[in-house]
Amino acid sequence: MYDLHRLRLLRELRHRGTLAAVAAALSYSPSSVSQQLSQLEAEVGVPLLEPVGRRVRLTEQAEILVAHTEAVLERLERAESEIAASLTELTGPLRVASFQTAALALVPTALTLLREAHPRLRVHLTQLEPERALPALVARDFDLVIAEEYPDQPNPRPAGTEQEDLCTDPLRLALPEPARTRGPLAALRAQADHPWVMEPEGTAARRWALALCRDAGFEPDVRFESTDILLHARLVREGHARALLPDMVWDEGTPDVAALRTLPGGGQARRIVTVVREGRGHHPAVLACRKALHEAVAARG
């Protein structure tokens with residue numbers, strides 16, 4: 001029977017890409033990882049890795065092994081969930097990744113609820129955008145990811161994951177002075193000659209924002225780029241830019257920009273979802289976290 005620990009190392013290499021990345025993630029030395037994979041090759045009796053320049057890639061036989069390893073690990077996670085469900089108290093760590101505005105607007109309330117209901121549950125939070133958090137979820141760096149999906153810009157659905165809707169978050173045009181035009185489309189078009197702040201190129205938020213402006217008939221003058229939505233709001237407030245902001249950014253109080261206008265198309269909103277690996281959705285800690293997040297949404301009104 002093949003060694004499960006070595007099979008997991010092979011799986012990690014499949015997801016992380018390099019021996020160095022596997023070693024860093026698991027606190028091993030690269031030579032130790034290489035040695036373990038060599039021993040696995042000896043057990044299996046066929047080559048599992050082949051050189052490609054300075055790196056290595058998995059052979060066809062290695063890919064077969066990884067597919068079966070994924071199935072074994074999923075069953076083990078289901079077993080872990082059933083064992084946890086048989087206990088009377090939730091204990092141990094729960095690793096959560098969240099993008100910025102949800103981390104600000106929802107997570108603190110959810111943490112308070114979890115602390116009151118399950119004081120021995122240790123929640124570890126990392127602020128991370130979905131583009132990085134979802135692959136890390138598959139690699140088992142996290143147990144639950146809070147992600148966002150912009151209109152017509154769904155996130156890639158990594159194999160072996162499942163997601164659940166949490167809420168919707170309206171998106172609006174934020175302006176540094178009151179809009180003089182009537183109607184959402186006219187208000188957006190009136191900003192064609194002004195500077196904009198948007199998220200970096202390649203992000204779902206940027207693709208959505210560009211498509212919205214182009215549908216309105218103009219190419220936005222994007223002078224500022226940042227994943228920090230609070231910076232977007234500050235630049236609007238100081239009169240430096242226009243922005244497309246989610247309502248959740250105003251969690252700390254009343255919006256402090258001069259105007260917020262509804263967007264064309266009957267309004268726009270992003271979906272907020274929670275994502276877990278298959279076999280993990282029924283774990284009591286995940287169920288408790290999702291329940292607390294839904295209650296945090298309800299508390300916002």
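The values are calculated or read from the model by the stated rules, or taken from the named source; none is laboratory data. Since the structure is predicted, the reported quantities are computational estimates derived from the model, not experimental observations. Every residue, glycine among them, receives a Cβ derived from its backbone with ideal geometry; neighbour counts consider all protein chains shown. Areas reflect the complete protein model, heavy atoms only, side chains present, ligands, DNA and RNA absent. Shrake-Rupley method; radii C 1.70, N 1.55, O 1.52, S 1.80 Å.
Quarter the surface of the alpha carbon convex hull of the chain and you get the mean projected area, 18.7 square nanometres. The fraction of accessible area contributed by carbon and sulfur in the chain is 51 percent, rounded to a whole number (1.4 Å probe; ligands and nucleic acids excluded).
Using +1 on the beta carbon of Lys and Arg, -1 on that of Asp and Glu, and nothing else charged, what's the dipole of the stretch 41-176 about the Cα centre, debye to 20?
500 debye
Largest to smallest in accessible area, the residues His232, His15 fall in the order His15, His232 (1.4 Å probe, all protein chains included).
For the chain, the longest principal axis of the alpha carbon atoms and the long axis of helix 4-16 meet at an angle near 30°. Note on the stretch 201-299: Kirkwood radius taken over Cα pairs, Stokes-Einstein applied at 20 °C and 1.002 mPa s, translational D equal to 131 µm² s⁻¹. What is the local net charge at Gly183, summed over the other residues whose Cβ is closer than 11 Å to its Cβ (Lys, Arg +1; Asp, Glu -1)? For residues surrounding Gly183, the net value is +3. What size of dipole, in debye to the nearest 20, comes out for the chain about its Cα centre when the only charges are +1 on Lys and Arg C-beta atoms and -1 on Asp and Glu C-beta atoms? Value, rounded to 20: 280 debye. Helices in the chain, meaning DSSP H runs of at least 4 residues, each add -39500 (n - 2.57). Divided by all residues, the mean residue ellipticity at 222 nm is -13500 deg cm²/dmol. Against the chain, whose longest principal axis comes from its Cα atoms, helix 204-215 is set at around 40 degrees. Rolling a 1.4 Å probe over the heavy atoms of the protein chains gives the chain an accessible area of 51 Å² per residue.
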